[in-house]
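Structure record follows, encoded as structure tokens.
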Amino acid sequence: MKHFINLKDIPSKDLRKILIDAKLRKKKRKNFNNLEIDKDNPLNGKLLIQMFEKQSSRTRLSFYLAIKQLGGGTITIRANELHLGKGGESLADTAKILSTYGDGFMLRTDSDKKIDEFAKFLSIPIVNGLSPSSHPTQVLSDIFTVEEIKRKPISKLNIAWIGDSNNVLNSLIASSIKFSFRLNIGCPKFYEPKKFVMDWIKKKKNKINIFNDARKAVSNADVIFSDKVISLNDKGNKAKKIKDFKNFKINKKLIGFAKKDVTFLHCLPRGNEVTEEVFVSKNSKVWQQALNRIHVQKSILLYCFGKLR
């Protein structure tokens with residue numbers, strides 16, 4: 001049994017095994033319908049319990065299809081439907097109940113502490129479907145998509161991030177260290193990664209650069225990543241933030257500073273950080289990116305269940 005919480009805590013060789021398995025499984029499903037089960041039926045009889053404390057579209061749907069295609073089943077619960085917290089049941093007791101009824105637990109949470117506490121008391125694997133400081137399933141799937149499109153290891157590519165310093169960027173930074181690729185981060189001065197992330201970057205001495213100029217960040221980039229600048233739970237001054245990011249909008253002019261065949265990726269949902277022209281252009285592969293969540297999350301589940309080939 002293995003948890004999947006933060007990319008920085010998972011060995012590079014294990015992450016690579018997950019990607020290799022996902023590539024093979026995707027290839028074998030070329031002519032399958034969504035609910036057809038993989039021929040090896042590796043998670044037959046297994047139940048994945050999903051709990052969401054935050055909104056979700058792609059994570060919810062992709063994990064539902066992932067466990068189904070592996071031969072298992074899923075049930076989705078909401079935090080406010082449990083005795084946890086308001087009902088007077090301790091998190092430890094909830095974890096023991098989940099471990100009794102389910103074989104795996106996927107949690108999207110508004111608390112990093114909560115996911116760590118669950119990991120402490122669960123006797124089944126937990127998968128981080130998003131937390132305030134990390135979005136590991138999204139970013140590992142993005143690595144898969146990059147290598148699928150560019151047909152070469154990501155270590156041989158120049159990757160750029162344009163946008164706010166958030167949980168997705170934290171996981172992208174972790175993956176840049178795990179997979180040894182060059183990462184340029186473009187953001188306004190007061191929106192750089194938090195101190196604990198910067199300290200980790202310095203400790204690892206990797207190829208990570210931070211620019212307060214979007215043009216410099218995307219210069220010679222093979223791939224440009226972005227995310228919504230104003231998130232659903234953004235509690236700051238939104239008008240000020242939009243103004244601060246006005247020179248970081250991903251438009252045709254900015255794309256022109258990258259390589260001609262640059263790939264644009266966005267984990268969705270999108271906002272005003274990217275123009276419609278770029279979003280629907282031939283450089284944009286956001287729908288392929290979203291679909292690949294299913295394939296990679298299948299291999300993540302197999303990793304957690306100890307059934308990765």
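The values are calculated or read from the model by the stated rules, or taken from the named source; none is laboratory data. Treat the numbers as computed from the prediction; the structure is a model and nothing was measured. A quick note on method: Cβ atoms are made from the backbone with ideal geometry, for glycine too, and the neighbour counts reach across all protein chains shown. For the accessible areas, the whole protein counts, side chains as well, though only heavy atoms, and no ligand, DNA or RNA atoms are used. Shrake-Rupley method; radii C 1.70, N 1.55, O 1.52, S 1.80 Å.
Return the total of residues in segment 1-53 being at pLDDT below 95 and in contact with an Asp or Glu (Cβ under 6 Å, 6 or more places away or on another chain).
Count: 1.
So, in segment 35-74, exactly how many residues are open to solvent by 10 Å² or more (accessible area, probe 1.4 Å) and hydroxyl-bearing (Ser, Thr, Tyr)?
Here the count works out to 4.
Name the single residue that is nearest to the chain's Cα centre (by Cα) among those in segment 91-126 being open to solvent by less than 50 Å² (accessible area, probe 1.4 Å) and polar (S, T, N, Q).
109
When you go through (1) buried (at least 17 other Cβ atoms within 10 Å of the Cβ); (2) part of a strand (DSSP E or B); (3) among the aliphatic types (A, V, I, L, M) one by one for residue 77, which number turns out not to apply?
(1)
What is the number of the single condition among (1) assigned to a loop (DSSP other than H, G, I, E, B); (2) of a type in the set (Lys, Arg); (3) under 22 Å from residue 116 (Cβ atoms) that residue 30 does not meet?
(3)
Among the residues of segment 131-173, what is the count of those that are open to solvent by less than 30 Å² (accessible area, probe 1.4 Å), charged (D, E, K, R) and more than 22 Å from residue 108 (Cα to Cα)?
Looking only at that region, the number is 0.
Condition check: in a helix (DSSP H, G or I), in contact with a helix residue (DSSP H, G or I) (Cβ under 9 Å, 6 or more places away or on another chain), open to solvent by 20 Å² or more (accessible area, probe 1.4 Å) and hydrophobic (A, V, I, L, M, F, W, C). Does residue 239 satisfy that?
So residue 239 does not fit the description; no.
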